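S.K.: This is the structure I have questions about; it appears just below.
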Amino acid sequence: MEHVDRCVVLVDAGYLLGAAASLLAGEPARSRITVDHAALIQGLRERAESETERPLLRIYWFDGAPDRVPQPEHRRLRVMPRVTVRLGALTRSDGRWAQKGVDAAMHAELTELARNRACSDIVLVTGDGDLLPGLMSAKEHGVAVHLWAVQAADGDYNQSEDLVAEADERRVLDRAWITRAVRARDLTGGCAPQPAPRPEIAAILSAPLPESAPAASAERDTAPAVPAAATTAPARANGSPARAPAADGAPEPSAPAAPATGKGVPTPKDLAGLRSPAPQPAPAAPATATLRWSSDRGWIERPAPVGEPPETASLPTLAQLTSAEQRWADREEDITAVGGDPFEVGQVFARRWMERLTDQSQVEKLSTLYPRVPHRIDGELLRYAARFGLLAHKDDQIDEHDRYAIRAGFWREIDVRAPGGQPPAGEA
């Protein structure tokens, strides 16, 4: 049986993006670069078809992820045409992240494609010498193997010499090609105008933790996957949620800056740009009070029964506003179009909630509560976010910074869509 005249691309994402980061940012940390995945996939397809003179069958994207849970970039990639994502484990050892199982998966796919004569040409984007046996096996089955390298930074060699020697063809993805889809991240914050200061929000995010705080406890009326934490702390402005201590007792890291596009974890300055009524002074907290994660309750007495505040009792949840047909359409959109970035997740939830309201005065009522998300809506929002793999891998809770980003995305969308709301800077 002859080989089918088409090409397949196998991408080691750790090599491709790590080498790109070294080339553009001076170090292999992928956090130092931003990637336009759609442009990158299109560039790989066009170049593979041009150099092999064969139509593309498929691009296989091999990467690592904690507990093999797809991250936002994997969610975007796996719904692109002709792209298949294969995930290995991502583990941390001695302060460094390492992929487990990615090489084995690439080797298995490489040999299986050649054995089944699924293609005539295979493009390998990798530098790992562990793939040498698979490469040699593919050649023995009559497949032409094309090895692609990323231009090395400062003349460093970033591919196994044995791979280079065995490949039928070798090409280098140079800086000009890489920068069509990848750029170094601007860590200085750029020149974008800063929003007006909102000291009460900045205080919520930057206030120090108490020296002694009880362990967080789950609220019974919040989903198990996203329990609401409680911590005894001094009263905060506006009765808003305070930071909970890290699950392992370690000092809490500072939140990374959000990109100019509004994606990612917001900083106090990012949150400062959100519109709200003037803050009202919060009453002094009783000695036995607890600040709840659900952000509209503020200080409550421990023995007091949990009840719905009268000002939020009439606000409907998204589930109450959603028909069966809309629920199906929402799942379709979640799978095919929502990347899973925490800020984006909050925006999508808020957009659906507002679009389905029959009484738009509910929006004004919600806006008066800013920045405190009503408890029932807040719990539903966090349960929705949990669908996207936004759970920290300890205690099945959403990461602290992700919680702030989810709620910030929620309020940003409410602000833009509410009557009289103005788009944030750069989004007009």
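S.K.: The conditions are (1) touching a Lys or Arg at 6+ places or on another chain (Cβ under 6 Å); (2) surrounded by fewer than 19 Cβ atoms within 10 Å (Cβ to Cβ), and Leu147 fails exactly one of them. Which is it?
M.R.: Leu147 satisfies every listed condition except (2).
S.K.: Let me ask something additional. Give Leu369, Leu381 a once-over and let me know the one that is outside the structural domain of His37 (by TED's automatic domain parsing) and at pLDDT 90 or above.
M.R.: Result: Leu381 is the single residue among Leu369, Leu381 that is outside the structural domain of His37 (by TED's automatic domain parsing) and at pLDDT 90 or above.
S.K.: Hey, any hits in the range 283-291 for a residue that's under 30 Å from the mean Cα position of the chain (by Cα), surrounded by 12 or more Cβ atoms within 10 Å (Cβ to Cβ), among the aliphatic types (A, V, I, L, M) and modelled with pLDDT under 50?
M.R.: Taking every residue of the range 283-291 in turn, at least one turns out to be under 30 Å from the mean Cα position of the chain (by Cα), surrounded by 12 or more Cβ atoms within 10 Å (Cβ to Cβ), among the aliphatic types (A, V, I, L, M) and modelled with pLDDT under 50.
S.K.: Anything in the range 117-175 that is hydroxyl-bearing (Ser, Thr, Tyr) and in a loop (DSSP other than H, G, I, E, B)? List them, or say none.
M.R.: Scanning the range 117-175 gives Ser120, Thr126, Tyr157, Ser160.
S.K.: Test Glu161 against the criterion of being surrounded by fewer than 13 Cβ atoms within 10 Å (Cβ to Cβ) and either modelled with pLDDT under 95 or within 30 Å of Glu2 (Cβ to Cβ) (or both), and give yes or no.
M.R.: yes
S.K.: Turning to a different aspect of this structure: As an exercise: evaluate His107 against (1) surrounded by 15 or more Cβ atoms within 10 Å (Cβ to Cβ); (2) closer than 26 Å to Arg175 by Cα; (3) in contact with a helix residue (DSSP H, G or I) (Cβ under 9 Å, 6 or more places away or on another chain) and give the number of the one condition it does not meet.
M.R.: (2)
S.K.: Another question about this same structure. Among all residue pairs at least 6 apart or on different chains, which show Cβ distances below 8 Å where the first residue, located in the range 329-342, is over 18 Å from Val69 (Cα atoms) and the second is hydroxyl-bearing (Ser, Thr, Tyr) and modelled with pLDDT of 80 or more?
M.R.: Correct list of pairs: Asp330/Thr322.
S.K.: I need every pair where a residue in the range 358-381 that is in contact (Cβ under 8 Å) with a residue 24 or more places away in the chain has its Cβ under 9 Å from the Cβ of a residue that is assigned to a helix (DSSP H, G or I) and acidic (Asp, Glu), sequence separation at least 6 or different chains.
M.R.: Partner pairs satisfying both residue conditions: Ser367/Asp415; Tyr370/Asp415; Pro371/Glu200; Arg372/Asp378.
S.K.: May I ask you to verify whether Asp12 is surrounded by fewer than 21 Cβ atoms within 10 Å (Cβ to Cβ), in the same structural domain as Leu87 (by TED's automatic domain parsing), in contact (Cβ under 8 Å) with a residue 12 or more places away in the chain and not aromatic (Phe, Trp, Tyr)?
M.R.: Against the criterion (surrounded by fewer than 21 Cβ atoms within 10 Å (Cβ to Cβ), in the same structural domain as Leu87 (by TED's automatic domain parsing), in contact (Cβ under 8 Å) with a residue 12 or more places away in the chain and not aromatic (Phe, Trp, Tyr)), Asp12 does not qualify.
S.K.: Being of a type in the set (A, V, I, L, M) and in a helix (DSSP H, G or I): is that true of Ala89 here?
M.R.: In short, no.
S.K.: In the range 33-73, what residues are within 18 Å of Trp177 (Cα to Cα) and charged (D, E, K, R)?
M.R.: Within the range 33-73, Asp36, Arg45, Glu46, Arg47, Glu49, Glu51 meet the criteria.
The values are calculated or read from the model by the stated rules, or taken from the named source; none is laboratory data. In this text, all values refer to a predicted model and were calculated from it rather than measured experimentally. Backbone-built Cβ (ideal geometry, glycine too); neighbour counts: all protein chains shown.
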